[in-house]
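Data block below; observations after.
The values are calculated or read from the model by the stated rules, or taken from the named source; none is laboratory data. This one's a predicted model, so the numbers in the text were calculated from it and none came from an experiment. Cβ sites come from the backbone with ideal geometry, for glycine too, and all protein chains shown count toward neighbours. Remember, those area values only see protein heavy atoms, side chains included, never the ligands or the DNA or RNA. Shrake-Rupley method; radii C 1.70, N 1.55, O 1.52, S 1.80 Å.
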Amino acid sequence: MTEHFDVLVVGAGPAGLAAAHAAAGHGVRVGLLDAQPRQGGQIWRHDARHGAPQAATNAITALANTPMPITWLAQHQVIGADEERLLIETPQAAVELSFGSLVVATGARELLLPFPGWTLPGVTGAGGLQALAKQGWPVQGKRVVVAGSGPLLWATAATLRRHGAHVLGIHEQASAAAVRAFAMQLWRWPARAVQAVQLRALLHDVSYHCGSFVRRAHGDTAVTAVEVVNARGVSRIDCDLLAVGYGLVPNVELPGMLGCTLDRHGTHPAVQVDGQLRTSVANIYAAGESCGIAGLPAARIEGRLAGHMAAGATAAATPLLGQRRRARRFAELLDRHFALNPQLQQLAELDTIVCRCEDVTLGALAGYTDARAARLATRCGMGACQGRICGTALAELGRFPCSGNRPPIFPARLATLAGSAIPSFLSHDSGDNHA
């Protein structure tokens with residue numbers, strides 16, 4: 001049996017929560033689904049010790065005060081899709097959901113770049129370690145190096161300190177001049193400026209190094225030290241954990257499978273939308289980071305905008321258009337000042353593993369000119385993450401461009417696929433819908 005919703009929202013992060021709330025305000029039947037058991041997404045992930053941020057609590061509480069109750073579908077993982085329905089897997093069963101309009105708010109994932117030692121236990125993404133700490137992974141007393149690029153490093157360091165870690169330093173790959181120029185522009189976004197000041201005050205005794213990046217992690221059974229490169233040369237830092245991430249990239253697997261046109265002008269594709277967040281497919285909207293990385297304020301505005309549009313309330317969406325344009329300009333600021341140093345593309349050596357799921361080294365990919373040929377010969381990208389980590393990294397390294405994904409979107413039980421009455425779920429490919 002297929003359950004139908006007037007508006008179905010995929011993703012319960014800030015954009016998805018805002019979209020569901022806005023749509024339900026117009027009296028339509030709304031479903032909100034997410035693979036996680038709790039609402040909030042990655043950025044508002046529930047902290048086992050400190051709870052959820054107040055803004056997240058407010059947004060979640062607001063869902064209960066809409067004219068039509070919103071159906072919350074926890075632990076619902078999208079496996080496949082066509083223009084009218086989604087194939088979902090839950091811990092217990094497979095279900096199919098149909099929709100009048102769909103809002104894609106699938107967010108983003110962290111960009112990780114390979115370097116010697118990056119697969120050692122104790123080396124994680126910056127956002128990854130932040131999420132682990134929130135979920136109760138013990139970091140109390142651990143010596144942690146935070147490295148990579150972008151404002152996420154500050155948020156990660158603050159979370160780790162809150163959980164008792166000893167943050168040895170933050171190593172930002174962007175130059176001091178670039179970071180200073182970025183900071184000088186923050187007055188245009190007062191809330192961002194206040195947040196930056198608060199984080200800096202909280203971490204006043206943590207050293208912040210610009211033009212600095214990790215080139216190697218050392219250790220036998222776990223990381224014990226890292227080599228850091230900066231203008232003064234190479235230094236070695238003893239540590240227990242390394243959290244390193246180079247910003248975020250949009251999650252576009254679902255909209256790609258739905259046939260939505262993707263903007264591939266940059267290294268990493270994003271969903272192409274018009275000013276009212278309509279994708280190239282009728283009745284499908286996209287909001288937040290899946291349209292390009294712009295941060296929390298833009299995600300919340302776009303969620304509201306997409307929710308109004310999906311409910312057919314164009315007049316309610318119109319006042320948000322200017323707010324969206326202003327919030328999106330922050331993304332341009334990030335891109336301009338935190339562009340990655342080309343030296344980061346040269347860190348991986350021939351024996352460095354690039355596909356962590358299948359243990360494929362960079363040297364094993366020599367001689368292959370496209371991702372598909374390399375995948376078929378080496379299994380690179382065929383593991384549990386389906387190329388989300390290695391495929392993204394190889395695109396950033398200039399090795400292979402990001403390619404389309406084939407269903408299922410996530411690994412699924414055979415019973416889920418065999419039980420679907422819609423064979424078309426297995427025939428959609430997201431690889432050809434380029435902008």
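A compact table of results
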{"read-out": "Matching residues in region 21-60 - criterion: being over 23 Å from Gly100 (Cβ atoms), outside any loop (DSSP other than H, G, I, E, B) and open to solvent by less than 80 Å² (accessible area, probe 1.4 Å)", "value": "Asp47, Gly51, Ala55, Ala56, Thr57, Ala59, Ile60"}
{"read-out": "Count - residues of region 95-109 that are open to solvent by less than 30 Å² (accessible area, probe 1.4 Å) and touching a helix residue (DSSP H, G or I) at 6+ places or on another chain (Cβ under 6 Å)", "value": "6"}
{"read-out": "Leading residue by the ranking (farthest from the chain's Cα centre (by Cα)) among those in region 247-270 that are farther than 13 Å from Ala286 by Cβ and part of a loop (DSSP other than H, G, I, E, B)", "value": "His265"}
{"read-out": "Residues of region 360-374 satisfying the condition of being of a type in the set (Val, Ile, Thr) and buried (at least 22 other Cβ atoms within 10 Å of the Cβ)", "value": "Val360"}
{"read-out": "Total residues in region 84-111, condition under 13 Å from the mean Cα position of the chain (by Cα) and in a strand (DSSP E or B)", "value": "3"}
{"read-out": "Unmet criterion (only one of (1) surrounded by fewer than 22 Cβ atoms within 10 Å (Cβ to Cβ); (2) touching a strand residue (DSSP E or B) at 6+ places or on another chain (Cβ under 6 Å)) for Asp274", "value": "(2)"}
{"read-out": "Options Ala315, Ala298, Ala377, Ala306; residue that is without any contact (Cβ under 8 Å) to a residue 40 or more places away in the chain and open to solvent by less than 50 Å² (accessible area, probe 1.4 Å)", "value": "Ala298"}
{"read-out": "Residue, modelled with the highest pLDDT, within region 367-419, restricted to residues that are basic (Lys, Arg) and farther than 21 Å from Pro255 by Cα", "value": "Arg379"}
{"read-out": "Region 277-289, subset farther than 12 Å from Val9 by Cβ and among the hydroxyl-bearing types (Ser, Thr, Tyr), residue surrounded by the fewest Cβ atoms within 10 Å (Cβ to Cβ)", "value": "Ser280"}
{"read-out": "Among (1) touching a residue at least 24 places away in the same chain (Cβ under 8 Å); (2) not in a loop (DSSP other than H, G, I, E, B) - the single one Val281 does not satisfy", "value": "(2)"}
{"read-out": "Any chance Gly266 is within 20 Å of Thr392 (Cβ to Cβ), open to solvent by 20 Å² or more (accessible area, probe 1.4 Å) and free of Cβ contacts under 8 Å to residues at least 60 places away in the same chain", "value": "yes"}
{"read-out": "Subset of region 227-263 (residues that are of a type in the set (S, T, N, Q), in contact (Cβ under 8 Å) with a residue 12 or more places away in the chain and farther than 28 Å from Gly387 by Cα)", "value": "Asn230"}
{"read-out": "Elements of type strands (runs of 3 or more DSSP E) contained in region 117-222, each with 2 or more residues being open to solvent by 50 Å² or more (accessible area, probe 1.4 Å)", "value": "166-172, 208-210, 213-218"}
{"read-out": "Residue ID - most open to solvent (accessible area, probe 1.4 Å), chosen from residues in region 223-246 that are at pLDDT 95 or above and not in a strand (DSSP E or B)", "value": "Thr224"}
{"read-out": "Residues located in region 64-83, provided they are of a type in the set (A, V, I, L, M, F, W, C), part of a loop (DSSP other than H, G, I, E, B) and more than 20 Å from the chain's Cα centre (by Cα)", "value": "Met68"}
{"read-out": "Qualifying positions in region 326-344 - open to solvent by 30 Å² or more (accessible area, probe 1.4 Å) and under 16 Å from Gly211 (Cβ atoms)", "value": "Ala339, Leu340, Asn341, Pro342, Gln343"}
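Rundown of residues vs (1) of a type in the set (A, V, I, L, M); (2) closer than 27 Å to Gly387 by Cβ; (3) at pLDDT 95 or above, yes/no style:
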residue	(1), (2), (3)
Gln54	no, no, no
Gln77	no, yes, yes
Asp82	no, yes, no
Gln92	no, no, no
